[in-house]
Every structure is written in structure tokens, then in C-alpha cells.
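The next block holds one structure in the form of C-alpha cells; read it before the comments.
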Amino acid sequence: MANNEESRGLKSLLDWFANRRKSGNINLERQEREIADGLWHKCPKCGVLTYTKDLRANQMVCTECGHHNRVDSDERIRQLIDHNTWRPMDEHLHPTDPLQFRDRKPYSDRLRETQEKIGLIDAVKTGLGQINGLPVALGVMDFRFMGGSMGSVVGEKLTRMIEQATQRRYPVLIVCTSGGARMQEGMLSLMQMAKISAALERHRQERLLYIPILTNPTTGGVTASFAMLGDIIIAEPKATIGFAGRRVIEQTLREKLPEDFQSAEDLLKHGFIDDIVPRTQLKNTLAQLIALHQPVLTTPHMVLWETMSLSSTVAE
Ligand SMILES: [Zn+2]
């Protein structure tokens, strides 16, 4: 009798656990399904669930902890450029496989698969547009396309955009995110560093403004060229910015590196970058910097600018 009661008690306890596990699973399944459907987004930093629509309204910055989630090039252009002013450039430029490169699979297959999967031809979008009514040339790298790696197409598109900006006397903005030069194009990738830098130098000689915006992560050949050549260099909070990866450096030096090594905050402290701007303030900050550094050459501004130069001459 006692045994019976005991076993009944045990059974109901087991049932209770089973039920609990089952309902827990359902909740978890539902949660995961909703995350997969894109309705909800789980912050990789603080774990808080946010309604994707709210997160998007906050430019993909976690409202709880301020974590800057990665955004693709289309979303970035939407965030920065005034509605209906974006004019894309060189959309037809297509990567080729001059070295017939092959790692685990041929480079040409890898390109085709990536293009089909994410609907981009290569890892950068370039164009002309306006930021709060000010004309700019903007390049936006896309990390989804082979880690934002820089091959011939990325180099050529950025160079053509900078040349166009020099001709039109527009400021240049480049939103950087990259794993570095694209190894599948070997030397041709490395040449892009010099090509873009040369175009930027001609832009600089015309006394025009260039602002790179370093987002997470900006590494390798991109850091070693145009990401660090800005008149004013801006980074997003907590972005990883560096040349070689942490592990490689630690193994070479046989030394443990500090926790905040290669973070935007550490780079600011050591004078490598000029400011860290949260994404939600980026557009207005850029507009202010452009307005301050490059007065638009319309008559009223021209007069204002000339009056200013004159009065400073008088003051001397
Ligand atoms: Zn968060």
C-alpha cells in the first residue's frame, strides 16, 4: 500500500517534470521559430529579446546595452542618405577569377554562390547622394560578401567613386568593414590598396574632405590603406580595428594582449582615430562635419566664407 502510494507520488512527480520539460521545449521552440522568422532579435551581447521592428527603428543598436549589430550595405545607405537622393554607381562591375584560384572549392563557384545567396555582385556599394541636403560620394562595404574582402571590384568601384567626387568637388565617405584583401585574387587584391590611396591623394590635393567610418570589424589591407587615410576618422563603439588578428600577434610576441586591444576605444585613446560616434548620431555628425569643413559653393555661403577669410586676415 505504502509502496503503491510512493510509486504513485513518484510517477506524478515524473509527470510534472516531463510536462514542464515539454512546455519549456514548446516555449523555446516558439521563441526560436520567432527569432528565425525575424520577428524577434536576440542581442548577442546582453541576450535581451527585442522586437525586430523596434531594433530597426533604432538603427540596429540594442536599446538595452547599446550593442551595435551588423547592418548590410542597403540598410546602411538607408540610414545615412536622404530619401530618394541615392544614385548608385558602377553596379555592373563583376568580379573575375584571373588566377583560377581554388581552395576548398573554386573561387568562381564561391563567387556565384555568394552572389545568389545575398543578391550582391561584390562586397561594396558606391554612389552619390545627399546627407541632410549636402551632396556626398559614399562607399559602403558589405561584410556578408566574403567577409567584406577587398578584391579588384571593391578597389575599382571605390577608386571610380573617389575620382567622381574629386571632379564634382564632393566629400568622400567610406563605411569600412572588412576582413582584409581577398586572397583569391592574390596580388591583384593588394594592388587595390595603392590604387585607392592614390585616388584619395588626388582628392586631398583638391582640398576636399574624406571621412572613413570604421565599423566592426575593419582589419587587414583595408586598415592598412584607405581606412586610416581620413582627414577625420570616425569609428562605431566597440568596433574591432586592426591589421593582423589578435591570435597571430599573441603567438608572434608570445605575450597576452590587453582585453581592449584593437577596440575603437583603445585606438581613440592612442590617437589612431578621431572620434567614436554611436550609429544613432552618425548621420547628423557627418552632416555637421561636412558643413563645417567644406562649405557648399552657393552664393550666400560663398559670401559668408569670403567674409570669414577676410575678417581673419584683418585680425592678423
Ligand atoms: Zn543588448
Of all residues making up region 64-123, the number that are within 16 Å of the ligand (Cβ to nearest atom) and not in a loop (DSSP other than H, G, I, E, B)
1
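Table: residues versus (1) of a type in the set (S, T, N, Q); (2) touching a helix residue (DSSP H, G or I) at 6+ places or on another chain (Cβ under 6 Å).
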{"residue": "M141", "(1), (2)": "no, yes"}
{"residue": "G147", "(1), (2)": "no, no"}
{"residue": "S152", "(1), (2)": "yes, yes"}
{"residue": "L173", "(1), (2)": "no, no"}
{"residue": "G180", "(1), (2)": "no, yes"}
{"residue": "S189", "(1), (2)": "yes, no"}
{"residue": "Q192", "(1), (2)": "yes, yes"}
Region 235-248 - residue that is without any contact (Cβ under 8 Å) to a residue 60 or more places away in the chain and farther than 18 Å from A181 by Cα and, of those, surrounded by the most Cβ atoms within 10 Å (Cβ to Cβ):
A235
Yes/no for N132 being over 20 Å from the mean Cα position of the chain (by Cα) and modelled with pLDDT of 95 or more
yes
When you go through F143, F243 one by one, which is the residue that is assigned by TED's automatic domain parsing to the domain that holds P106, within 18 Å of L267 (Cα to Cα) and under 18 Å from the mean Cα position of the chain (by Cα)?
F243
Can you tell me which residues in region 84-141 are of a type in the set (S, T, N, Q) and in contact with a Lys or Arg (Cβ under 6 Å, 6 or more places away or on another chain)?
T126
Can you tell me which residues in region 266-316 are touching a Pro at 6+ places or on another chain (Cβ under 7 Å), at pLDDT 50 or above and either over 25 Å from N69 (Cα atoms) or part of a helix (DSSP H, G or I) (or both)?
I290, Q294
Restrict the check to region 167-181 and report whether at least one residue is among the hydrophobic types (A, V, I, L, M, F, W, C), modelled with pLDDT of 95 or more and part of a helix (DSSP H, G or I).
no
So which of A194, A198, A181 ends up being buried (at least 24 other Cβ atoms within 10 Å of the Cβ) and in the same structural domain as V124 (by TED's automatic domain parsing)?
A181
Residues located in region 157-171, provided they are crowded, with 23+ Cβ neighbours inside 10 Å and free of Cβ contacts under 8 Å to residues at least 12 places away in the same chain
none
Restricting to region 41-56, give me the number of residues that are away from the ligand (no atom under 13 Å from the Cβ) and either under 21 Å from K238 (Cβ atoms) or touching a helix residue (DSSP H, G or I) at 6+ places or on another chain (Cβ under 8 Å) (or both).
1
Do you know which of the residues in region 213-230 that are among the aliphatic types (A, V, I, L, M) and in a helix (DSSP H, G or I) is farthest from K45 (Cα to Cα)?
M228
If I filter region 113-128 for residues that are free of Cβ contacts under 8 Å to residues at least 24 places away in the same chain and either on the phi > 0 side of the Ramachandran plot or not assigned by TED's automatic domain parsing to the domain that holds I241 (or both), do I get at least one hit?
yes
Residue pairs qualifying under the 6 Å Cβ cut-off, at least six apart or on distinct chains, with the first in region 58-74 being on the phi > 0 side of the Ramachandran plot and the second being more than 10 Å from the ligand (Cβ to nearest atom), are Q59/Q79; Q59/R279; Q59/T280; M60/V71
Just checking, how many residues over region 231-262 are assigned to a helix (DSSP H, G or I) and in contact with an Asp or Glu (Cβ under 7 Å, 6 or more places away or on another chain)?
0
Name every residue in region 139-156 that is touching a residue at least 40 places away in the same chain (Cβ under 8 Å) and out of contact with any Gly (no Cβ under 7 Å at 6 or more places or on another chain), in order of residue number.
V140, F143, R144, G151, S152, V153, G155, E156
Count - residues of region 201-220 that are without any contact (Cβ under 8 Å) to a residue 60 or more places away in the chain and either more than 20 Å from the chain's Cα centre (by Cα) or outside the structural domain of F261 (by TED's automatic domain parsing) (or both)
7
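The values are calculated or read from the model by the stated rules, or taken from the named source; none is laboratory data. This structure is a prediction, so every number in the text was calculated from the model and none was measured. Glycine also receives a Cβ, built like all others from the backbone with ideal geometry; neighbour counts cover every protein chain displayed.
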